[in-house]
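Below is one structure; the comments refer to it alone.
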Amino acid sequence: MGAPLGAWLVARARAEGFDDAEVVPASTQLDDAPRLVEAVGAGRLAPFPWMAETLEQRTDLRRRLPWAVSVLVVVQSYFAGHHADLLDAAALAGKAKVSRYAWGGDYHGFLRRRLRRLRRALLDEAGGGRCAPFLDVDAVCERAWAKAAGLGFVGKSGMLIHRGLGTWTFLGGLATDVNLGPCPRLPVADACGSCTACLDACPTQAITAPHVVDARRCLVTWNIEEAEDARGDAPGMTGHGWAAGCDVCQEVCPWNRFAKRTTEARLHPRAGHVAFGVDDAPTDVEGTPLARPGVEALPRLAARALKP
């Protein structure tokens, strides 16, 4: 089977609705693994203790899945336009913005279901074997695997940049003991060049150097992951205009000029989830990314974002 089976699986992933996919041997050494080790050691990922707890698994997939032979990496675009495309200046006045990934439904559920269908299809085609789906909530360096598979490069913002989809992507994949063959793509060269737009524009200076992001300063930490922590109300972390998440580094990235809007209906914007104020925060967030900070936190997050 070998390479033809890998090509078959990539085509099947596209047929399932993923925007791009590729296979790579599980034995591949991840270039970005040392960066993760250094970030944990320096404390930049301190708000996420599970990163340190699963560090060995994240830097070496086969510590978690010793039987893995091949990895399929999938890419799903979530770009659905810009805030100004959906709300005019009057409608945006007095409202705090929501990061684009949280405009629609929670991607974890339907992407995992897609991956499970791919798992069944692969094992049927291969005549058996082992296969484990993964998404960004699992102990896998999904960006590093996407880079290893030739799906893009990791930019100075720390985000994967896909040449056709930009940074507006969700990543996931399958690890399997089925031999899918070698990676047919060449690595994508780092094409940030001398650009420092993401570093210059970050509202809290969380990108402290090229490829170095301090989660302790990132707005996403304080309005999604740690929404109830009072430290998010500290000077310098308020008045930024973002109620949930932050897209500034992506908005200024030149590579995102080439992004095309997603055709996935489940990621299209829901009413009230593009921007909201203190008095009109969404009250029905079940099944959406806004459920993570929680409905009770949303008015306070809007107030924090709009604070003079």
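Read-outs: derived from the displayed coordinates by stated rules, not from any lab. Computed from a prediction, not measured in an experiment: that's the story for all the values here. Note: ideal-geometry Cβ built from the backbone for every residue, glycine included; neighbour counts use all protein chains shown.
Numerical summary
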read-out	value
Candidates Glu53, Glu22, Glu251: whichever shows maximal mean-square fluctuation once the chain is modelled as a Gaussian network with Cα springs under 10 Å	Glu53
Inter-site label distance for Glu56 and Arg130 at 7 Å from Cα along Cβ, in nm	1.7 nm
Cα Rg over Rh - region 197-306, Kirkwood	0.98
Spatial separation of Cα centroids for region 251-274 and region 189-243, in angstrom	20 Å
The chain, relative contact order in percent, only Cα pairs under 8 angstrom and at least six apart counted	26 percent
Sequence-distant lysines (8 or more away, or on other chains) whose Cα lies within less than 29 Å of Lys260	Lys95, Lys97, Lys147, Lys156
In degrees, nearest ten, helix 3-16 long axis to first principal axis of the chain (Cα)	30 degrees
Expected 222 nm ellipticity per residue - DSSP helices of 4 or more, -39500 (n - 2.57), all of the chain, to 500	-7500 deg cm²/dmol
Using θ = phi - 60° and Karplus 6.51 cos²θ - 1.76 cosθ + 1.60, couplings along region 65-80 (whole Hz; Gly, Pro as x)	10, x, 8, 5, 10, 9, 10, 9, 10, 10, 10, 10, 6, 10, 5, 10
Cα centroid separation, region 89-153 to region 1-45 (Å)	12 Å
Long-range tail of P(r) for the chain (Cα pairs > 25 Å, %)	50 percent
Rounded, prolate or oblate (a/c below 1.5 giving rounded, otherwise prolate when a/b exceeds b/c) for region 1-97 by Cα gyration tensor	oblate
Partnerless Cys - the chain, beta-carbon criterion under 4.7 Å	Cys131, Cys141, Cys183, Cys192, Cys195, Cys202, Cys218, Cys246, Cys253
Rounded to 5, the percent of DSSP beta bridges in the chain classed as antiparallel	95 percent
